[in-house]
Amino acid sequence: MDEPRWVGARVSRIDAADKVTGRLKFMSDLSFPGMLWGAVLRSAHPHALIKKIDTSKAEAIDGVVAVLTHKDVPGLNGFGIVVPDQPVLCFDKVRYMGDAVALVAATSKEKASEALRAIEVEYEPLPVVDDPEEAMLESSPKVHADGNIHHHIKVERGDVDAAFREAAVVVENTYYTPRQMHAFMETESGVATMDEDGNITVWCGSQHPFRDQLQIARALGMNPRKIQVVSTPTGGAFGGKDEITVQIYLALLALRTGRPVKIVLSREESAVAGMKRHPMKIRMKTAAAADGTLLANEVRVVADTGAYASLGGPVVNLAIEHSCGAYRMPNVKLEGFCVYTNNGLAGAFRGFGANQVIFALETQIDMIAERLGMDRLEFRRKNALRQGDVAALGHTMTASVGAVATLDAASKCEIWVRREELKARPSAPHKKRGVGIATELHGCGLGVGLPDYGAATIELLPDGRFAVGVSCPEIGQGNTTAFAQMAADSLGCSVEDIVMVSGDSRYTLDSGTSTASRSVYTGGNAIRCAAARMREAIADVAAEALGAPREEIAFGRGSVEARSCPAGEPTRSAGRLSFREIACIAESKGRRLKTEGDFIWPVADRGVEGYFGLPHLIYSYITQVALVEVNTLTGEVEVLRAVSIPDPGKAINPVGIEAQSEGGVVMGMGYALMEDTVIEQGITKTPNFSTYIIPTSVDAPEIETIIVEELEPSGPFGAKGIGEAVCVPITPAITNAIHDATGIWITHIPATAERVYMALRKQAGEPAGA
Amino acid sequence: MRPFSVTVPESVDEAVEALARWGSEARVIAGGTDLVVELKEDRRSPAVLVDISRLHELREIRVEKRAGARGEDEAESVGESDVVWVGALATHAEVASSPLVRAAAPLLADACAHVGSPQIRGRGTIGGNMCTASPAGDVIPPLFALEASVDVAGPRGVRSVGVESFFVGPKRSALAPDEIVLGVRFRAHGPEHVSFFRKLGQRKSLAISVVSVAFAARRLGPDTFEDARVAFGAVAPTVVRARTVEKALDGKRLDAATARHISRLAFRDVMPITDIRGSQAYRQEMACNLLYEGLLGLLSGNAE
Amino acid sequence: MKVNVVLFGTMRKYAKEDKFQMEFEEGAKLSDLLDRLKIEDRVYIIVLVNGRRADEDTVLTDGANVHILTPVGGG
């Protein structure tokens, strides 16, 4: 094949014009004739028994078309990606404030709200379980009948105790991380419709339409084939739309009323009921030899998964896998608990358990380097994994490894090279500047023990363009643009000749989730496979039409020709056929050129016995550097500049990588400095954006992205994945920069101005208020 | 949000009449940046909104009274002790960018420039910020430091209230239900005046003050001030003047150490609470430190 | 004809081994295979035949690789 023309080029997003002009309709923008408004009655208590539900007053309201309770769930009254422990509609008890107790459909939003107020539910409140470590005690009230420990993982390798005895430096600390909210622009929203044959279509932004289809089918007791799920476009997801959100409610209401029904969660409802990042308490003990060789890491993670499991188990597994970062670590003792409480709901979130442990680990790494008197970057480089090394979980790193390459690039970036000079010039004498660095590796795909598959379809359209279908939804990350670029180069046409079909269970094949930094790698490989088959099909048509032997058909840009034809004759008679002509010829013969491609991920040489999804074979790598200024009078931390150095394998679209990188830096900065969903006694205290603080554009630093491409041979054009890693090490890069500036160590994020100020006072030996 | 009707008076008298007619059922709406949130969350459910946005005369920013005679060419300028009028419907954006306010009371312009976001500054009004009467309202500390007075109109006519008497508690003002705010007046600063406004928020924009401070004084020398007025936001049920600090500053030669010492006296003037944005202890410290930081700026000549 | 079957995750409970071969008559469908393994919950499962999502009507071919799992997620 020719040199790629589109892959690696700075191509504008194919959905850019529609998005910036507002032409693009998200699911919450859709409207259908006769459409009803749906609404969800949420629990009035964080933990209570349901004694009685009386819907009669609500049903009597004029304009209210349906009121549904648990009695109206035809199939399994439960959902959950791994275990269906979350009731669709609660029947015996409620376990958090976001629990759904009843649904209504009415002719207006106001009528729907009125109906919710008219539903009478009698509760018997139960003690609230709000501390995960207390929840683990036998004596604690049970959120679920079979106990509060949903999942426990333990991995040991080598002998940590011996290593701790021999080590020159051992540091041990406890870290606390916040309950970050995804804060997508589009709240959980959608519309469901039903046709005259009883088929249901659910239009709802999410991250895996085919799995949503199965979860909806399970709850409705319906054949999945009668349910179509459309998940593209999604107005932001970040993991928060991986689990079912409102899809089952929509389907139930459409099934009951036979009319289109729309639900749009308010921001407050989304904040209370929606998914969050697991808060974790992490005890970490890390050892190194005098020469700076890392020897051992002992880790204990307690994660608060809230009321239901969702992906809590896999999140804790990945926290364990990532807890030794991008380093060789010969002795490990790693243990994680995923615990039920009445604190909202936690599940998938960009980074998937890595953010918490990498914050802890990268702080430990800086502490050890400081104790050993070693340069922080050199210490990381010395211990960084190389290809062929054995990783912490015992598997061999056979795929591309960019840890050292990203650290090398960091050592040359401006804010690292000039750090002493930059630190010497704060904007006021009471302000202090520091530079911090952190690095990580990030698993791509679902890991060992679970076949991670993908598929793509390609159809030659009558006008000579190609329809390329990959189900992994476009959730804002830009995967459809990357797919179009890879398809264009695989087929030998222009990006403008690709029509992407995405996130639709009827018109695409199941290609898995838009999660786990996997969609570009998976979809790309499946597209490559389908494209090779399409070229064969085109060559067959061309050979027949041109009367040339099949092996003489060669591909040009947007056309094929028979090589043996005499040169210099520019028309079809010369033996050249455009894709459009191929389409016409095929059509005239009643043939439709459509091919399918599939792909299964390669996996690591060994798994971790008893735990699915561990470890990964392919990782992306990233090093991030931050320059901060700390106001010692207030504790305010300003991130002045950030450098983000990802290794995504081949950068299919550098603009897309930069956008991911910049968004990731700001998200990881919010996590480091300001974001936390505060829940007290099961009640969310930060249900809107005036109390849940995310960074604004004014808070964002100047961000430079330096792409390091360690090509992955198994990836399409050498690509891996980068959606998650970009938001991870920036958090400890910032907190390490605070240390560099002031000498205080941040072990509890977010490092709000108040926390930083109080730590500064403590460091100075002055208790606050003195 | 519950249903309501809207009446749009064409004059102040009509507005006052509407309020008198509807009593506690009515609520005045100007920019709506606070009220609409309250309506949406059902924290208020008035039957009638009195939309005063057409009362264009309340949008004016002008010199109301000249302190001394000046020539034609100075008509647009403002001099020390001129009385400045800012109408209640002037938006934060208008006040922040007004050359008159920037010259006469830069701390007020600064405070307005730090309210919310560009969208909120474009809609929210200075009168609205006062009527919400939040202890964290950003325009209020500068008005305290300017010793402004507030004109309010009601069925009994127009009365003028000292700004400190206007605020009586958290979200409570001296405004009667049938009164509206017309605007505020204050004396312009001259070349000898120094001032600053500093707000500590949880982020740089779209932030509610954790603590704010407004400072105004007359400079006697490079490190000496008199007639200091210090007001803090978000550290008491209303915005408060720090009179202990003001007395201590008067005529005193300042260096970093004395500035720090005097700033810490602010402890005596504030009584913050703990809430989602900050603890009592932190707020107390920040009242002192924001003032100290501002004084350091004045001493090093960095601030206005 | 023979098909190769691999069970993943919670699906392992349906056989003694994770990987095994099964014999079928020509023309057998995936539903026949699921029947023989006594897999009753056929809504929330994913079956891949030669790496592709299949449904109960999918006709099995000699040497086909059948992977049976529940839907998963991960990061």
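The values are calculated or read from the model by the stated rules, or taken from the named source; none is laboratory data. Source: prediction; values computed, not measured. Please note: Cβ atoms are built from the backbone with ideal geometry, for glycine as well, and neighbour counts cover all protein chains shown.
Among the conditions (1) among the basic types (Lys, Arg); (2) closer than 21 Å to B:His193 by Cα; (3) part of a helix (DSSP H, G or I), the only one that B:Arg121 does not satisfy is (2). So is A:Ala303 of a type in the set (A, V, I, L, M), within 21 Å of A:Tyr96 (Cα to Cα) and touching a residue at least 40 places away in the same chain (Cβ under 8 Å) or not? Spelling it out, A:Ala303 is indeed of a type in the set (A, V, I, L, M), within 21 Å of A:Tyr96 (Cα to Cα) and touching a residue at least 40 places away in the same chain (Cβ under 8 Å).
Filter the range A:223-248 down to the residues that are out of contact with any helix residue (DSSP H, G or I) (no Cβ under 6 Å at 6 or more places or on another chain) and of a type in the set (A, V, I, L, M, F, W, C), then identify the one that is surrounded by the fewest Cβ atoms within 10 Å (Cβ to Cβ). Steps first, answer last, please.
Going through the range A:223-248, the residues out of contact with any helix residue (DSSP H, G or I) (no Cβ under 6 Å at 6 or more places or on another chain) turn out to be A:223, A:225-226, A:228, A:230, A:232-243, A:245-246.
Now narrow it down to the ones that are of a type in the set (A, V, I, L, M, F, W, C): A:230, A:237-238, A:246.
Values: A:Val230: 24, A:Ala237: 28, A:Phe238: 27, A:Val246: 30.
If we take residues in the range A:223-248 being out of contact with any helix residue (DSSP H, G or I) (no Cβ under 6 Å at 6 or more places or on another chain) and of a type in the set (A, V, I, L, M, F, W, C), then A:Val230 is surrounded by the fewest Cβ atoms within 10 Å (Cβ to Cβ).
B:Ala174 - would you say it is under 16 Å from the mean Cα position of the chain (by Cα) and either more than 30 Å from A:Pro695 (Cβ to Cβ) or surrounded by fewer than 21 Cβ atoms within 10 Å (Cβ to Cβ) (or both)? Can you show your working first?
On the way: under 16 Å from the mean Cα position of the chain (by Cα): yes; either more than 30 Å from A:Pro695 (Cβ to Cβ) or surrounded by fewer than 21 Cβ atoms within 10 Å (Cβ to Cβ) (or both): yes.
The answer is yes for B:Ala174.
Can A:Lys281 be described as surrounded by fewer than 24 Cβ atoms within 10 Å (Cβ to Cβ), more than 14 Å from chain C (Cβ to nearest Cβ), at negative phi and touching a strand residue (DSSP E or B) at 6+ places or on another chain (Cβ under 8 Å)? Yes; evaluated as a whole, the condition is true for this residue.
One residue stands out in the range A:680-710 among those that are touching a helix residue (DSSP H, G or I) at 6+ places or on another chain (Cβ under 9 Å), surrounded by 15 or more Cβ atoms within 10 Å (Cβ to Cβ) and among the small types (Gly, Ala, Ser): the one that is modelled with the highest pLDDT, namely A:Ala700. The number of residues in the range B:264-294 that are aliphatic (A, V, I, L, M), crowded, with 24+ Cβ neighbours inside 10 Å and free of Cβ contacts under 8 Å to residues at least 60 places away in the same chain comes to 1.
Kindly establish whether C:Gly73 is in contact with a Lys or Arg (Cβ under 9 Å, 6 or more places away or on another chain) and either buried (at least 18 other Cβ atoms within 10 Å of the Cβ) or more than 10 Å from every other protein chain (Cβ to nearest Cβ) (or both). The answer is yes for C:Gly73. Checking each residue in the range A:369-399 for being touching a strand residue (DSSP E or B) at 6+ places or on another chain (Cβ under 6 Å) and either farther than 23 Å from A:Ala626 by Cα or modelled with pLDDT under 95 (or both) picks out A:Val390, A:Ala392, A:Leu393, A:Gly394, A:Thr396.
A search for C-beta distances below 6 Å between a residue of the range B:153-180 that is touching a residue at least 40 places away in the same chain (Cβ under 8 Å) and any residue that is of a type in the set (A, V, I, L, M) and in a loop (DSSP other than H, G, I, E, B), counting only pairs 6+ apart in sequence or on different chains, returns B:Gly154/B:Ala176; B:Phe167/B:Ala133; B:Val168/B:Ala174; B:Ser173/B:Ala133. If you go through the range B:162-196 and keep only what is farther than 26 Å from B:Pro99 by Cα and in a strand (DSSP E or B), you end up with B:Phe167, B:Val168, B:Gly169, B:Arg172, B:Ser173, B:Ile180. The residues in the range A:545-560 that are surrounded by 13 or more Cβ atoms within 10 Å (Cβ to Cβ) and in a helix (DSSP H, G or I) can be counted, and the count is 3. Residues of the range C:22-50 that are part of a strand (DSSP E or B), more than 25 Å from A:Thr513 (Cα to Cα) and not charged (D, E, K, R): C:Met22 alone. In the set A:Pro84, A:Pro33, A:Pro74, A:Pro4, only one residue is more than 28 Å from the chain's Cα centre (by Cα) and under 29 Å from C:Val72 (Cβ atoms); that residue is A:Pro74. Evaluation of A:Glu420 against the conditions (1) outside any loop (DSSP other than H, G, I, E, B); (2) touching a Phe, Trp or Tyr at 6+ places or on another chain (Cβ under 8 Å); (3) charged (D, E, K, R) shows that the sole unmet condition is (2). There is at least one residue in the range A:139-153 that is out of contact with any Lys or Arg (no Cβ under 7 Å at 6 or more places or on another chain), surrounded by fewer than 22 Cβ atoms within 10 Å (Cβ to Cβ) and at positive phi. In the range A:670-679, of all residues being among the β-branched types (Val, Ile, Thr) and either assigned to a loop (DSSP other than H, G, I, E, B) or surrounded by fewer than 17 Cβ atoms within 10 Å (Cβ to Cβ) (or both), the one that is farthest from the other protein chains (Cβ to nearest Cβ) corresponds to A:Thr677. Kindly indicate the residue of the range A:604-632 that is β-branched (Val, Ile, Thr) and within 19 Å of A:Phe352 (Cα to Cα) and also farthest from the other protein chains (Cβ to nearest Cβ) among those meeting that condition. Selected residue: A:Thr623.
Scanning the range B:204-214 finds one or more residues that are in contact with a strand residue (DSSP E or B) (Cβ under 9 Å, 6 or more places away or on another chain), closer than 15 Å to B:Ile262 by Cβ and either among the polar types (S, T, N, Q) or assigned to a strand (DSSP E or B) (or both).
In the range A:723-762, what residues are under 25 Å from C:Gly74 (Cα atoms), away from every other protein chain (no Cβ under 13 Å) and β-branched (Val, Ile, Thr)? Within the range A:723-762, A:Val726, A:Ile730, A:Thr731, A:Ile749 qualify.
Scanning the range A:713-766 for residues that are under 25 Å from A:Phe349 (Cβ atoms) and of a type in the set (S, T, N, Q) yields A:Thr731, A:Thr735, A:Asn736, A:Thr747, A:Thr752.
Go over the candidates A:Ser400, A:Ser427 one by one and state the one that is among the polar types (S, T, N, Q), within 14 Å of another protein chain (Cβ to nearest Cβ) and in a loop (DSSP other than H, G, I, E, B). Explain how you work it out, then say what you get.
Details: A:Ser400 fails: within 14 Å of another protein chain (Cβ to nearest Cβ).
Every option except A:Ser427 fails the conditions.
Selection within the range A:211-229: residues that are β-branched (Val, Ile, Thr) and farther than 17 Å from A:Leu68 by Cα. The member of this set that is farthest from the other protein chains (Cβ to nearest Cβ) is A:Val229.
Within this structure, C:Val5 passes the test of being in contact with a helix residue (DSSP H, G or I) (Cβ under 9 Å, 6 or more places away or on another chain), assigned to a strand (DSSP E or B) and touching a residue at least 24 places away in the same chain (Cβ under 8 Å). Only one entry in A:Gly590, A:Gly575 is outside the structural domain of A:Ala700 (by TED's automatic domain parsing), without any contact (Cβ under 8 Å) to a residue 12 or more places away in the chain and either farther than 30 Å from A:Glu712 by Cβ or surrounded by fewer than 20 Cβ atoms within 10 Å (Cβ to Cβ) (or both), namely A:Gly590. When the criteria are applied in full, B:Thr238 meets the requirement of being polar (S, T, N, Q), outside any helix (DSSP H, G or I) and either more than 12 Å from chain A (Cβ to nearest Cβ) or under 17 Å from the mean Cα position of the chain (by Cα) (or both).
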